[in-house]
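What follows is calculated from the coordinates using simple rules that are stated; it is not laboratory data. Bear in mind that the values here come from a model prediction, so they are computed numbers and not experimental data. Counting neighbours? That spans all protein chains shown, and the Cβs are built from the backbone with ideal geometry, glycine included.
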Amino acid sequence: MINQPGPNDPVDESPVTVFGGTGFLGRRIVSRLLEKAVVVRAVSRHPRKNKVDDASGERQSLQVEADILDPSSMASAVAGSRAVVNAVSLYVERGEQTFERVHVEAAADLAAASRDAGVERFIQISGIGANATSRSPYIRARGRGEEAVKAAFPGAVIVRPAVMTGPDDAFITTIARLVRLLPIYPLFGEGSTRVQPVHVEDVAEAVSRLALGRNPAEASIFECAGPRIYSYRELVREIAAQLNLRVRTVPVPFAVWSILATASEFLPAAPVTRNQVDLMRFDNVATRDLPGLKELEMQPRGIEDVIRMIEHAA
């Protein structure tokens, strides 16, 4: 692991600024950077005061309040930064918070503000499968966001994670909970969609290395995925087996899932969203011709670590 600066590495006190620094991925990026003795600004609309972010408890991030939807707050947030990471994500549209507004317009505004501030590196978190021509509003916005960021900040690096897993995720944890509760597990369609889950900590480490300029061959897109490809049906069965459970599965048409998701989005915490259904229609695996964790000298972890944590907490 490349965690600490070497004795001959230059000390740079200019910060790395992480937008979405308190989110599922963002707070882990902050922690990884702190472990490397980097000064970090964690930017969010509701920063947590006096939050100790590294494992040793010795270093704290600089908590900054700013809104990615408010361009006037960006300049001060990125001023003096050597790198900016955009880890802001939106899964359910509400009011002015639309996929287009957050993933395209705001991402481009942040990239432009970073460029104007003289920031050296800009990292945009996107997702495997992002496609500017997709019929899905979410997937299309992710793809358009990549294009907008590249236009606003030449040389920006795009990081596309596969579906991310962790002990507090909304994917593996949800499947584990449901296989315990349900006598029959409902699949998305026939359960044939392929996924390549990646540990969120591995993505955070990859982003931290890129933010510090450790970019092999100056690649502009990285796809971060786990070590194994599963069909969705295989993944459900693997999780059940790891938990020493038996599971029966039943196919559920995507049309039914879309109806359920549309209705559930009116709830305060939607159990399933339309964009999640859209994502499960398409394979979510890394492209062979793009660099990823291997090129960043990392060995990806499987889902077993997450399942052990879930089982231990149960």
Report task. Rounded, prolate or oblate: pick one for the stretch 41-177, where a ≥ b ≥ c are the square roots of the eigenvalues of its C-alpha gyration tensor, a/c under 1.5 means rounded, and failing that, prolate if a/b is larger than b/c, else oblate. Result -> oblate
Query raised in the report: With each label point set 7 Å from Cα along the Cα-Cβ vector, what nm distance links Ile184 and Leu245?
Result: 1.7
Query raised in the report: What residues have an amide H closer than 5 Å to that of Thr249, excluding those fewer than 5 places away on the same chain, when H is modeled at 1.01 Å from N in the peptide plane?
Result: Tyr185
Requested in this report: Quick one: grab the alpha carbon gyration tensor of the stretch 225-314, order the square roots of its eigenvalues as a ≥ b ≥ c, and give me rounded if a/c is under 1.5, else prolate or oblate depending on whether a/b is larger than b/c.
Outcome: oblate
Report summary line: Percent relative contact order for the stretch 161-314, counting Cα pairs under 8 Å at least six residues apart, stands at 38
Query raised in the report: For the chain, what is the mean residue ellipticity at 222 nm derived from helices alone (per DSSP H run of n ≥ 4: -39500 (n - 2.57); sum divided by total residues; nearest 500 deg cm²/dmol)?
Result: -9500 deg cm²/dmol
Query raised in the report: Expressed in nm to one decimal, what extension gain is obtained for the pair Phe266 and Phe282 from 0.36 nm per residue of sequence separation less their Cα-Cα distance?
Result: 3.3 nm
Report task. Report, to the nearest 10°, how far helix 232-242 tilts away from the longest principal axis of the Cα atoms in the chain, using its own Cα long axis and a range of 0 to 90°. Result -> 90
Query raised in the report: How big is the gap, in Å, between the Cα center of the stretch 105-181 and the Cα center of the stretch 202-270?
Result: 14
**Report entry** the chain, dipole about Cα centre (Lys/Arg Cβ +1, Asp/Glu Cβ -1), debye to the nearest 20
**Finding:** 760
**Report entry** In degrees, nearest ten, helix 304-313 long axis to first principal axis of the chain (Cα)
**Finding:** 80
**Report entry** Net charge over other residues, Cβ less than 13 angstrom from the Cβ of Ala261 (K, R count +1; D, E count -1)
**Finding:** -1
Query raised in the report: Roughly what would the spin-label model give for Asp305 and Glu13, points 7 Å off Cα along C-beta, in nm?
Result: 3.4
Requested in this report: Using percent of Cα pairs over 25 Å apart as the read-out, say which of [x] 50; [y] 45; [z] 56 was calculated from these coordinates.
Outcome: [x]
Query raised in the report: Cys224's amide H: which non-local residues (gap 5+, or another chain) put their own amide H closer than 5 Å, with H modeled 1.01 Å from N in plane and none for Pro or chain starts?
Result: Arg160, Ala162
**Report entry** Ranked by how many other beta carbons lie within 10 Å on average, peptides 116-126, 147-157, 283-293 from highest
**Finding:** 116-126, 147-157, 283-293
Report summary line: Diffing the stretch 30-39: the Karplus 3J(HN,Hα) column from phi (6.51, -1.76, 1.60, θ = phi - 60°), in whole Hz with x for Gly and Pro, holds 4, 4, 5, 5, 4, 4, 8, 6, 9, 6
Query raised in the report: Helix 137-152 sits at what angle to the longest principal axis of the chain, using alpha carbons and giving 0 to 90 degrees rounded to 10?
Result: 20
Requested in this report: Determine the relative contact order of the chain: mean sequence separation of Cα pairs under 8 Å and six or more apart, normalised by residue count, in whole percent.
Outcome: 16
Query raised in the report: Which whole-Hz ³J(HN,Hα) couplings does the stretch 158-168 yield from phi under the Karplus relation 6.51 cos²θ - 1.76 cosθ + 1.60, θ = phi - 60°, glycine and proline marked x?
Result: 9, 10, 10, x, 6, 4, 8, 10, x, x, 10
Query - Per-pair calculated FRET efficiency, R0 = 30 Å: Thr133 and Ser76 via Cβ, rounded to 0.05 - result: 0.25
**Report entry** Amide H partners (placed H, <5 Å) of His199, local residues excluded
**Finding:** Thr165, Arg301
